[in-house]
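Accompanying notes for the structure given below.
The values are calculated or read from the model by the stated rules, or taken from the named source; none is laboratory data. Just so we're clear, the structure is a prediction, and the values are computed from it rather than from any experiment. For neighbour counting, all protein chains shown are included, and Cβ atoms are generated from backbone atoms with ideal geometry for every residue, glycine included. Keep in mind that these areas ignore ligands, DNA and RNA; they rest on the heavy atoms of the full protein, side chains included. Shrake-Rupley method; radii C 1.70, N 1.55, O 1.52, S 1.80 Å.
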Amino acid sequence: MNHYKIAGLTIAMEGACETLQRLMKSYGANINGKADITMSIDREKMHKTGEEYPHLSPDEWEYIQTGYAFACKLPDFDGFCLHASAVALNGRAVLFSGPCGTGKSTHTHLWRQYFGPDRVVVINDDKPVLRRIEDIFYVYGTPWSGKRALNTNIRVLLSAVVFLKQARENHIRRLSNKEAVQMLFYQSQRPGSDRDRINRLLTLMDALLQKIPVYQMDCDISFNAVKTAYNEICQLRMETENKR
Amino acid sequence: MKIKSDYVMREVAGTYVVVPTGKTSIDFSGMISLNGTGAFLWKQLAEDKSEQDLLSAMLEEYETEKATARADISEFLKKLKEADLLE
């Protein structure tokens, strides 16, 4: 068994394929005692699936399966994965979410260009973990971060979630709770069919919506789009902080 | 009539949502939202109820005309049937 520390949780995993081992390297940890999550790879199932999905190599299959298994367990620890590209700037995380092909990674890349790659860190380019710890929401990098394997092993305070939509002009608005619940639910990694975990996920989203602003941004691919999101998020934060 | 047991109905951030669990979640992975009356009727239908039971419950809970309540219930049930949510 290899041990890792991912999203503040200890993970025990049976010897993995080369790709996963490489991607998990920066999450390795020396841990004594019981792991929070134990994952084992079902070699037989892996072989069978390989025949069913010939376009997936065993390495890819394992990468997808372990990521899914990990995400499914997160509600037990007040967490979930959101389909989003997450960046950190000045110690705060902003998550850009939306369906495949919306331009989440593209937008994140624009942030890196605009603010400089030394100031903007990509926490996770595809499925960051959100966790509530003592009533504060944090975003974590994990080794499961999509095609480009872009992630950083850090924990950052969550500042805002922005759902992106391609458009000709840039416009950002707060979503109503009703809209936000739906968007969050559709883009979250559902914990399989387990009733208890689905309930926990919804409880977590309820708490998140009380603390974190959720936006929709219609945007093009430009620095103007970056400024639109950044200004709005900063302004709201300053207003909230002044009220305190 | 009774709602299929595979669904969870809850309030999240002030709105009522229904999500599938169990085997149902494999075929349908979406989310349904309900208004207050819908949520009330949904709760009633956790147990086997007739249309008459629903009407009595609704008249007890809300100050509304019998005819309006009856129309609302019939509309709601129609939607539930269309979405195949009843047992």
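Observations on the model:
- Looking across segment A:1-38, just one residue is in contact with a Leu (Cβ under 9 Å, 6 or more places away or on another chain) and either assigned to a helix (DSSP H, G or I) or acidic (D, E) (or both), and that is A:D36.
Residue by residue, here is whether (1) over 16 Å from A:C81 (Cα atoms); (2) of a type in the set (G, A, S) holds:
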position: A:V122; (1), (2): no, no
position: A:G146; (1), (2): no, yes
position: A:A149; (1), (2): no, yes
position: A:L164; (1), (2): yes, no
position: A:L175; (1), (2): yes, no
position: A:T203; (1), (2): no, no
position: A:D206; (1), (2): no, no
position: A:Q210; (1), (2): yes, no
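- Residue tally, condition hydrophobic (A, V, I, L, M, F, W, C) and surrounded by fewer than 16 Cβ atoms within 10 Å (Cβ to Cβ), over segment A:8-29: 1
- Taking the criterion of being among the charged types (D, E, K, R) and either within 14 Å of chain A (Cβ to nearest Cβ) or touching a residue at least 40 places away in the same chain (Cβ under 8 Å) (or both), the residues of segment B:41-58 that qualify are B:E47, B:D48, B:K49, B:E51.
- Applying a threshold of 6 Å to beta carbon distances and a minimum spacing of six or more residues, or different chains, the list of pairs starting in segment B:1-30 at a residue that is open to solvent by 40 Å² or more (accessible area, probe 1.4 Å) and ending at one that is outside any loop (DSSP other than H, G, I, E, B) and hydroxyl-bearing (S, T, Y) reads B:D6/B:T24.
- Per this entry, A:K5 is not counted among residues that are free of Cβ contacts under 8 Å to residues at least 24 places away in the same chain and either open to solvent by 60 Å² or more (accessible area, probe 1.4 Å) or closer than 24 Å to A:P128 by Cβ (or both).
- Members of segment B:1-11 found to be facing another protein chain (nearest Cβ under 10 Å) and among the basic types (K, R), listed by number: B:R10
- The condition (being within 20 Å of the chain's Cα centre (by Cα), closer than 20 Å to A:L74 by Cα and hydrophobic (A, V, I, L, M, F, W, C)) is satisfied by just one residue among A:V214, A:V139, A:V226, A:V162: A:V139.
- No other residue among B:G30, B:G14, B:G38 is within 14 Å of chain A (Cβ to nearest Cβ) and farther than 15 Å from A:L202 by Cβ apart from B:G38.
- Failed criterion for A:S145 (all others in (1) touching an Asp or Glu at 6+ places or on another chain (Cβ under 7 Å); (2) more than 11 Å from every other protein chain (Cβ to nearest Cβ); (3) touching a residue at least 40 places away in the same chain (Cβ under 8 Å); (4) not charged (D, E, K, R) hold): (3)
- Unmet criterion (only one of (1) away from chain B (no Cβ under 14 Å); (2) outside any strand (DSSP E or B); (3) of a type in the set (S, T, N, Q)) for A:S159: (2)
- Of all residues in segment A:30-45 being closer than 18 Å to A:L74 by Cβ and open to solvent by less than 40 Å² (accessible area, probe 1.4 Å), the one that is farthest from the chain's Cα centre (by Cα): A:A35
- The set of residues in segment A:207-225 that are of a type in the set (A, V, I, L, M) and assigned to a helix (DSSP H, G or I) comprises A:A207, A:L208, A:L209, A:A225.
- Hits in segment A:180-211 (condition: open to solvent by 40 Å² or more (accessible area, probe 1.4 Å), out of contact with any Pro (no Cβ under 6 Å at 6 or more places or on another chain) and either farther than 19 Å from A:G98 by Cα or more than 9 Å from chain B (Cβ to nearest Cβ) (or both)): A:M183, A:Q189, A:S193, A:D194, A:R195, A:D196, A:N199, A:T203, A:Q210, A:K211
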